[in-house]
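Structure, as structure tokens:
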Amino acid sequence: MHYPSFGEYADALQLNLDAVLSDPVLGRGTLCMRGPGLPAVYGGTYALTFAVETSSGKYAVRCFHRDLDALPVRYGAIEQRLRQIKSPHFVDCRFQPQGITTESGTYPIVRMDWVDGPTLAAYVAGHRQDADALLELRFELRRLALHLRAEGVAHGDIQPSNIIVQDDGRLRLIDYDGLFVPELAPLCSAELGQRNFQHPGRRSWHFDARLDIFPFAVIDFALRVLSVRPDLWELTASGDDAFLLRAADFADPARSAIFALLGREP
């Protein structure tokens, strides 16, 4: 399927929402803007995420700009599994196959509850001098990893921009396009995740509940290092895209400057 561009989605959403969105809750809402004619939007591999304020709360409206294999099947299974496990780390999501009408046609959307809070990278950047906070965060991430494995699901794209740290310390996951649930086992991965947090050998046929082991290990290791060497955050230009290490380091550790530096640390 050919999907609209950002401009086409933005133009449609700046009209009467009730006329372009099939969801009655969203239709009574207000599109969040960055400025005149500039909707607040967040990019992603498959979807653009807009924000809509309603009387019942704020929602993320994910509008697809790239074809995702078996989209209705994937989200049907994902919604069903998330309703069953009632995990505190996920938010309510609703796939709507006829969700938005733009100039070129009608397209699916995913409506998700909005999650307030900094991304994992923003939180670490703000607390990188606080070893206790980083170690507590390590503990919470380990709890999250164990919880996902126990439920037999995997996020599929564990990276700092997909983990939100809320005020109470709870970690919430967003962007469920690559989620693995047992019902989807016959399919392949919809995406391979952010390469700076993924094993270099990952391929599309790797699709099971073990998908998140490597990225969680990368983040866990980085937080342990930063708790004793906070200066490495700046030295390695860390942020949403990378925590100390990058894809090239995983692919060729022997030539990695950061692995060599860490190898000299007691």
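The values are calculated or read from the model by the stated rules, or taken from the named source; none is laboratory data. A quick note: this is a predicted structure, and the numbers were derived from the prediction, not measured. Because the Cβ atoms are built from the backbone with ideal geometry, glycine has one as well, and the counts that use them run over all protein chains shown. Only protein heavy atoms, including side chains, enter the accessible area calculation; ligands, DNA and RNA are left aside. Shrake-Rupley method; radii C 1.70, N 1.55, O 1.52, S 1.80 Å.
Here is how the numbers come out for the structure above:
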read-out: Test: residue in region 103-114 that is touching an Asp or Glu at 6+ places or on another chain (Cβ under 8 Å), of a type outside the set (A, V, I, L, M, F, W, C), more than 21 Å from L173 (Cβ to Cβ) and open to solvent by 10 Å² or more (accessible area, probe 1.4 Å); value: yes
read-out: Counted residues, region 159-186 - those being farther than 24 Å from D67 by Cα and touching a His at 6+ places or on another chain (Cβ under 7 Å); value: 2
read-out: Residue, surrounded by the fewest Cβ atoms within 10 Å (Cβ to Cβ), within region 36-47, restricted to residues that are at negative phi and free of Cβ contacts under 8 Å to residues at least 40 places away in the same chain; value: P36
read-out: Every residue from region 1-29 that is open to solvent by less than 80 Å² (accessible area, probe 1.4 Å), acidic (D, E) and assigned to a helix (DSSP H, G or I); value: E8
read-out: Candidates I78, I100 - the one that is closer than 24 Å to Q166 by Cα, in contact (Cβ under 8 Å) with a residue 60 or more places away in the chain and either part of a strand (DSSP E or B) or open to solvent by less than 30 Å² (accessible area, probe 1.4 Å) (or both); value: I78
read-out: Residue that is most open to solvent (accessible area, probe 1.4 Å), among those in region 48-69 that are under 28 Å from D241 (Cα atoms) and part of a loop (DSSP other than H, G, I, E, B); value: R66
read-out: Considering residues of region 135-163 that are in a helix (DSSP H, G or I) and under 21 Å from L184 (Cβ atoms) only, the residue most open to solvent (accessible area, probe 1.4 Å); value: R149
read-out: Top-ranked residue of region 30-47 - restricted to ones that are under 16 Å from the mean Cα position of the chain (by Cα) and in a strand (DSSP E or B), ranked as nearest to A150 (Cα to Cα); value: A47
read-out: Qualifying residue in region 220-240 (condition: closer than 30 Å to M112 by Cα, of a type outside the set (F, W, Y), assigned to a helix (DSSP H, G or I) and open to solvent by 20 Å² or more (accessible area, probe 1.4 Å)); value: yes
read-out: Pair list, Cβ under 9 Å, 6 or more apart: region 1-15 residue touching a residue at least 12 places away in the same chain (Cβ under 8 Å), other residue among the basic types (K, R) and outside any helix (DSSP H, G or I); value: Y3/R66
read-out: In region 187-217, residue least open to solvent (accessible area, probe 1.4 Å) [restricted to those that are over 22 Å from Y46 (Cα atoms), out of contact with any His (no Cβ under 9 Å at 6 or more places or on another chain) and of a type in the set (A, V, I, L, M, F, W, C)]; value: F216
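Let's see how each residue does on (1) touching a strand residue (DSSP E or B) at 6+ places or on another chain (Cβ under 9 Å); (2) on the phi > 0 side of the Ramachandran plot; (3) among the acidic types (D, E):
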residue: T49; (1), (2), (3): yes, no, no
residue: G57; (1), (2), (3): yes, yes, no
residue: D69; (1), (2), (3): no, no, yes
residue: R74; (1), (2), (3): yes, no, no
residue: R83; (1), (2), (3): no, no, no
residue: C93; (1), (2), (3): yes, no, no
residue: T101; (1), (2), (3): yes, no, no
residue: I109; (1), (2), (3): yes, no, no
